[in-house]
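Enquirer: To start, I am sharing the structure in question, which I have written as structure tokens.
The values are calculated or read from the model by the stated rules, or taken from the named source; none is laboratory data. Since this is a predicted model, take the numbers as computed values, not measurements. Virtual Cβ from ideal backbone geometry, glycine too; neighbours counted across all protein chains shown.
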Ligand code: BES
Ligand code: ZN
């Protein structure tokens, strides 16, 4: 265990010099005893939509005194130390943090056991009825803990600086399977129940705890890569993600050996609120990636890259989220450059540029959320979420690379990984490291503007390509009545860029013509489909309304739900549809998606 260096020495130093409350989103106190390992025993009850069970928190060393844990919507049944009942005090509900669970540990406590139950409303879990799955026969459960929802699954020090390994024993109804962000370690069926065991030997931040339960099957892609999905989806998924082993091999040349043994993926039902989540050993993916032509595998490259940037070197708190996402987007594009060519990489940057511009626009009145090193006291990380840490972050990484040159930067990155592996670090620690290795580098790239100033620095790297210029010119030409010649032969990325550069409002004739020429409303690639539906619905082209309704009734990925409701908001007929779909479909949304959609519909 010591080999993983779970405790970050410089963070301790920071605290000893009086810097309290490093993590504004947790009751975790670095001066208190620390958890090093969880033993979970969970029973998954679909009829009541709760997980009932126990966790034993093992401490790094025998300790005594106050221990504060994070909880949210948990019913705490009992706490004990070495078989003796331990009184506990549950604090008042705080809006973002939840309720503090305070324990007074007797001398030489090495482990605490807490019996508890989750709530059907736990934001970290979504319980699906059989109708919400592809197979339609069995219920489904999945977790999504990032950024601060692990505390709705178990009482814990729910801060990324408090890394833990874990073992779990999960009991589910016999026809179902459970997967976790861990290695399978046994499976037995007894009566109507199946108990699966899991083992995660490396210390991970709490937000990487993950569980999914459903009717699942798997297909091997390579000796270390496997995809899981519902039986009706699994072959399609295996085909779509067949390149994944090549991604892993490439990522290893960028960052060093893959440290997590296996890279498995799980394709979830469509209500999953994200494109992907980098749960270690088991990336979670939205089924909207199954375009049938491998055109959306950049999300897999991204989640895989997190195995290094994020899971190995982790942001200390949500205020340093760019360290996870900025490096990962940069890495994702580097992987794609090698495997799909330089053009694919630059078109990836172009798509990101649009996302970045939209986020800068969205936070026009909250410029403090457009810095990379954020200050989120009193702000829910889910509300601060945007493309800024991703795309501004990746451009900052690219600026560092341009300043050092590709080769020197590669060596710097490899050393960064070695230096901070299995640690959770702050932006300041990153800066100290960069300054130590390359004195003057941060000044040369204007790091302060990147990290602490709103918006995008004027000298930010710009990624141009001949193809991008052609597509942009064609999109601009539409308003002069030009047909996009040859568009039928474009690949998915080219078409997406073209659509992204069209005006947000087109004439009804242009809408009809484009749809007829390019079959946009029938596309299976959700990036293209949703981009199109946003333009068409926002232009009042009501022919697409049934398709918009269908998407909003099934797909929960916030990246799609947010702009679709916003586009509907632009016309009276659209608002009526938006209200109606929301009323009908939102009870089936993930709580995160519901909150985002509610916020938009309320403003109609
Ligand atoms: N870790 C994120 C998803 C996330 C971030 C969940 C913050 C909760 C809080 C994941 O790696 C991600 O970035 N997903 C993107 C993929 C895209 C950038 C390729 C997504 O879901 O769209
Ligand atoms: Zn990510």
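Enquirer: Condition first: more than 11 Å from ligand 2 (Cβ to nearest atom) and within 12 Å of residue 250 (Cβ to Cβ). Now tell me which residues in region 309-332 satisfy that.
Expert: Listed by number, the list is empty, since nothing qualifies.
Enquirer: Considering only region 561-576, state which residues are closer than 13 Å to residue 600 by Cβ and assigned to a helix (DSSP H, G or I). If you could, list the steps in order and put the result at the bottom.
Expert: Quick first cut of region 561-576, residues closer than 13 Å to residue 600 by Cβ only: 561-570, 574-575.
Within region 561-576, 561, 562, 563, 564, 565, 566, 567, 568, 574, 575 meet the criteria.
Enquirer: Among (1) crowded, with 24+ Cβ neighbours inside 10 Å; (2) within 13 Å of ligand 1 (Cβ to nearest atom); (3) within 14 Å of the chain's Cα centre (by Cα); (4) closer than 17 Å to residue 245 by Cβ, where does residue 268 come up short?
Expert: Going through (1) crowded, with 24+ Cβ neighbours inside 10 Å; (2) within 13 Å of ligand 1 (Cβ to nearest atom); (3) within 14 Å of the chain's Cα centre (by Cα); (4) closer than 17 Å to residue 245 by Cβ one by one, residue 268 breaks only (4).
Enquirer: Could I ask something else about it? I'd like to check something: does region 158-173 contain any residue that is part of a strand (DSSP E or B), out of contact with any strand residue (DSSP E or B) (no Cβ under 7 Å at 6 or more places or on another chain) and over 23 Å from residue 322 (Cα atoms)?
Expert: No, region 158-173 contains no residue that is part of a strand (DSSP E or B), out of contact with any strand residue (DSSP E or B) (no Cβ under 7 Å at 6 or more places or on another chain) and over 23 Å from residue 322 (Cα atoms).
Enquirer: Out of the residues in region 291-305 that are crowded, with 22+ Cβ neighbours inside 10 Å and in contact with a strand residue (DSSP E or B) (Cβ under 8 Å, 6 or more places away or on another chain), state the one that is farthest from residue 433 (Cα to Cα).
Expert: If we take residues in region 291-305 being crowded, with 22+ Cβ neighbours inside 10 Å and in contact with a strand residue (DSSP E or B) (Cβ under 8 Å, 6 or more places away or on another chain), then 300 is farthest from residue 433 (Cα to Cα).
Enquirer: I would also like to ask the following. Would you check if residue 390 is surrounded by 20 or more Cβ atoms within 10 Å (Cβ to Cβ), over 18 Å from residue 457 (Cα atoms) and modelled with pLDDT of 95 or more? Spell out the reasoning first.
Expert: Numbers: surrounded by 20 or more Cβ atoms within 10 Å (Cβ to Cβ): yes; over 18 Å from residue 457 (Cα atoms): no; modelled with pLDDT of 95 or more: yes.
Against the criterion (surrounded by 20 or more Cβ atoms within 10 Å (Cβ to Cβ), over 18 Å from residue 457 (Cα atoms) and modelled with pLDDT of 95 or more), residue 390 does not qualify.
Enquirer: Against the conditions (1) under 27 Å from residue 231 (Cβ atoms); (2) out of contact with any helix residue (DSSP H, G or I) (no Cβ under 8 Å at 6 or more places or on another chain); (3) in contact (Cβ under 8 Å) with a residue 40 or more places away in the chain, where does residue 204 fall short? Just the number, please.
Expert: Residue 204 satisfies every listed condition except (1).
Enquirer: Within region 424-433, is even one residue surrounded by 12 or more Cβ atoms within 10 Å (Cβ to Cβ), in contact with a strand residue (DSSP E or B) (Cβ under 9 Å, 6 or more places away or on another chain) and in a loop (DSSP other than H, G, I, E, B)?
Expert: Within region 424-433 (the criterion being surrounded by 12 or more Cβ atoms within 10 Å (Cβ to Cβ), in contact with a strand residue (DSSP E or B) (Cβ under 9 Å, 6 or more places away or on another chain) and in a loop (DSSP other than H, G, I, E, B)), the answer is yes, since at least one residue qualifies.
Enquirer: Could you look through region 117-149, keep only residues that are assigned to a helix (DSSP H, G or I) and in contact with a strand residue (DSSP E or B) (Cβ under 9 Å, 6 or more places away or on another chain), and pick out the one that is surrounded by the most Cβ atoms within 10 Å (Cβ to Cβ)? Full working, then the answer.
Expert: From region 117-149, those assigned to a helix (DSSP H, G or I) are 130-132; that's our starting set.
Next cut, in contact with a strand residue (DSSP E or B) (Cβ under 9 Å, 6 or more places away or on another chain) only: 130, 132.
Numbers: 130: 14, 132: 17.
Ranking the qualifying residues of region 117-149, first place goes to 132.
Enquirer: If you take just the strands (runs of 3 or more DSSP E) that sit entirely in region 252-351, which of them hold at least 1 residues that are free of Cβ contacts under 8 Å to residues at least 24 places away in the same chain? Reasoning before the result, please.
Expert: On the way: elements: 263-267, 282-285, 313-315.
Correct list: 282-285.
Enquirer: Which condition from (1) within 24 Å of residue 287 (Cβ to Cβ); (2) touching a residue at least 60 places away in the same chain (Cβ under 8 Å) is the one that residue 151 breaks?
Expert: It is condition (1) that residue 151 fails.
Enquirer: State whether the residues of region 511-528 include one that is farther than 30 Å from residue 236 by Cβ and surrounded by fewer than 21 Cβ atoms within 10 Å (Cβ to Cβ). Reasoning before the result, please.
Expert: Taking region 511-528 and keeping what is farther than 30 Å from residue 236 by Cβ, we get 511-513.
In the following step, the residues that additionally are surrounded by fewer than 21 Cβ atoms within 10 Å (Cβ to Cβ) were identified as 512-513.
So far as region 511-528 goes, yes, one or more of its residues are farther than 30 Å from residue 236 by Cβ and surrounded by fewer than 21 Cβ atoms within 10 Å (Cβ to Cβ).
Enquirer: Next up: How many residues does region 272-293 hold that are away from ligand 2 (no atom under 13 Å from the Cβ), in contact with a helix residue (DSSP H, G or I) (Cβ under 6 Å, 6 or more places away or on another chain) and within 23 Å of residue 231 (Cβ to Cβ)?
Expert: 3
Enquirer: Further, regarding this structure: Can you find even one residue in region 182-195 that is more than 18 Å from residue 57 (Cα to Cα), crowded, with 21+ Cβ neighbours inside 10 Å and more than 16 Å from ligand 2 (Cβ to nearest atom)? Outline the logic, then answer.
Expert: Start the filter on region 182-195 by keeping residues that are more than 18 Å from residue 57 (Cα to Cα), which leaves 183-195.
Now restrict to residues that are crowded, with 21+ Cβ neighbours inside 10 Å: none.
Among the residues of region 182-195, not one is more than 18 Å from residue 57 (Cα to Cα), crowded, with 21+ Cβ neighbours inside 10 Å and more than 16 Å from ligand 2 (Cβ to nearest atom), which makes the answer no.
Enquirer: Residues to consider are 255, 284, 321; find the one that is within 16 Å of ligand 1 (Cβ to nearest atom), under 30 Å from residue 368 (Cβ atoms) and not assigned by TED's automatic domain parsing to the domain that holds residue 551.
Expert: 321
Enquirer: Okay, moving on. State all residues of region 95-116 that are under 13 Å from residue 154 (Cβ atoms) and surrounded by fewer than 17 Cβ atoms within 10 Å (Cβ to Cβ); if no residue qualifies, say none. Spell out how you get there, then give the answer.
Expert: Taking region 95-116 as the starting set, the residues that turn out to be under 13 Å from residue 154 (Cβ atoms) are 98, 101, 112-116.
Matches in region 95-116: 115 only.
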